[in-house]
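Take a look at the following structure, please.
Each value in this text was obtained by applying a stated rule to the coordinates, not by laboratory testing. These numbers come from a predicted model, not from an experiment. Cβ sites come from the backbone with ideal geometry, for glycine too, and all protein chains shown count toward neighbours.
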Amino acid sequence: MRHFLFCLVPLIAASLASAQDEHADSVLAKYNGLRPTERQLAMYRLDWVDSLNDAQQKAAREGRPIVLIIIHAKYGDIRSGHC
């Protein structure tokens, strides 16, 4: 009987691991379906600077344009998502 149990335990463990892999795969598939695309996340990879003067210097140095965002809210902070 003991030998039978020792043979059964690896089989049970293998079937549980397979079920966990299938569950993990389904969770990852849902995550990948909901995750924003690289294009949708592009705004969060912009090089933000704290002042227009810093932006002008950086733009001149790198030959890149400036996008100016003005926030009128009292506690607005575009970098943290609070506008």
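I want to check the label-to-label distance for Leu52 and Arg35. Put each point 7 Å from Cα in the C-beta direction and report it in nm to one decimal.
A separation of 3.9 nm, rounded to one decimal place.
Turning to a different aspect of this structure: Distance in nm between label sites at His23 and Arg45, each 7 Å beyond Cα in the beta-carbon direction?
The two pseudo-label positions are separated by 3.4 nm.
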